[in-house]
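S.K.: Here it is: the structure, laid out below.
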Amino acid sequence: MTTTRLSTTRTALGQVQYWLAVIFVIGWTGVICGGLAFQFGAWEYPCPLCIVQRMFMALAALGAASIVREGMNGTIEASDYTAGWGLAIVGCVAGGFASWRQTMLHILPGDPGYGDPMLGLHLYVWAWILFAAAIATIGVVLSFSHETAAPAIPATPHRMVGRIALWLLGIVLTINLVAVFLLEGLHWYLPDEPNRYQLFYDLHILS
């Protein structure tokens, strides 16, 4: 009886990394959606550093997505976990530096910052906090990787939820790619402070 209970506990704990990967995919997808909501809902144009942060959010999500994608096959090797989390950490570290950089550009007293704040903080400050929290979370989970990284992933509901998360990420990244293309237009560089969707002007749809 004790052995059965221990086995059940290990099975439950073993799914932690898979579910964290799913949460990572959905969470970063939601954060990118928040940026798109500000862009189209509040009519705020993201600057180049904002776009860079979205790119690293996407990289962090794709690292976790690689783990979820392996889970679709029913098994995840230890090397798949480490490769996925390694990619996610690279995205979070680089994104954290980009958001820190933007925060430092607007840290002087009297500087209004770029864009409107949300809950008292600008989006790039929130991004900095989220990147740091994500790195800490990955570190804690990996500290117990022997108990939290099960090789077998059940079909229901694990793989079904994972598939939804992957589709959601793909759709949002496609929308973001189109949004950046509209903003940058037929140019190599995005202006430091964009004020219009340049593609419509390059194609003479607007003037």
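The values are calculated or read from the model by the stated rules, or taken from the named source; none is laboratory data. Note that the structure is a prediction, hence the values are computed from the model and not measured. With ideal geometry, Cβ positions are generated from the backbone for all residues, glycine too; neighbour counts draw on all protein chains shown. Protein only, heavy atoms only, side chains kept; ligands, DNA and RNA dropped before computing areas. Shrake-Rupley method; radii C 1.70, N 1.55, O 1.52, S 1.80 Å.
S.K.: Identify which of Glu70, Glu193, Glu44 has the largest mean-square fluctuation in a Gaussian network model of the chain, with springs joining Cα atoms closer than 10 Å.
M.R.: With Cα springs under 10 Å in the chain, the top fluctuation among Glu70, Glu193, Glu44 is at Glu193.
S.K.: Going by the alpha-carbon gyration tensor, a ≥ b ≥ c the square roots of its eigenvalues, is segment 105-173 rounded (a/c under 1.5) or, if a/c is not under 1.5, prolate (a/b greater than b/c) versus oblate?
M.R.: Here segment 105-173 falls in the oblate category.
S.K.: Same structure, new question: Once you've got the GNM for the chain with C-alpha springs shorter than 10 Å, pick whichever of Thr174, Thr29, Thr148 has the biggest mean-square fluctuation.
M.R.: Result: Thr174 has the largest fluctuation of those listed.
S.K.: Which distance in nm do the two modelled labels at Trp100 and Thr174 give, with both placed 7 Å along the Cα-to-Cβ direction?
M.R.: Once both label points are built, they end up 3.6 nm from each other.
S.K.: Additional query: Mind running the shape call on segment 37-96? Use the C-alpha gyration tensor, a ≥ b ≥ c as the square roots of the eigenvalues: rounded below 1.5 for a/c, prolate if a/b tops b/c, oblate otherwise.
M.R.: Judged from the Cα gyration tensor, segment 37-96 comes out oblate (a/c at least 1.5, b/c at or above a/b).
S.K.: Per residue of segment 132-137, in order, report the coupling 6.51 cos²θ - 1.76 cosθ + 1.60 (Karplus, θ = phi - 60°) as ³J(HN,Hα) in whole Hz, putting x for Gly and Pro.
M.R.: Result, ordered by residue: 5, 5, 5, 4, 4, 5 Hz.
S.K.: Here is a further query. Each label point is 7 Å from the Cα along the Cα-to-Cβ direction; what then is the distance between the points at Met118 and Phe200, in nm?
M.R.: 2.3
S.K.: Can you give the accessible area per residue of the chain, in Å², using a 1.4 Å probe?
M.R.: Heavy-atom SASA per residue in the chain reads 56 Å².
S.K.: Also, I was wondering about something else. With a 1.4 Å probe and every protein chain left in place, tell me how much accessible area Cys50 has, in Å² to the nearest 10.
M.R.: Taking all protein chains as shown, Cys50 has close to 30 Å².
S.K.: Quick query: amide H of Ala152 versus all other amide H atoms, modeled in the peptide plane; which residues come in under 5 Å with a sequence gap of 5 or more or a different chain?
M.R.: Ile76
S.K.: Which residue, Val31, Val161, Val22, tops the fluctuation ranking in a GNM of the chain built on C-alpha contacts under 10 Å?
M.R.: Val161
S.K.: Would you please classify the overall shape of segment 77-207 from the alpha carbon gyration tensor, given that a ≥ b ≥ c denote the square roots of the eigenvalues, rounded means a/c under 1.5, and beyond that prolate means a/b larger than b/c while oblate covers the rest?
M.R.: oblate
S.K.: Over segment 59-128, with every protein chain in place, what whole percent of the accessible area is carbon and sulfur at 1.4 Å, could you tell me?
M.R.: 69
S.K.: Return the distance in nm (one decimal) between the two label points of a simple spin-label model at Glu193 and Ile129, each offset 7 Å from Cα along Cα→Cβ.
M.R.: So the two model labels end up 2.6 nm from each other.
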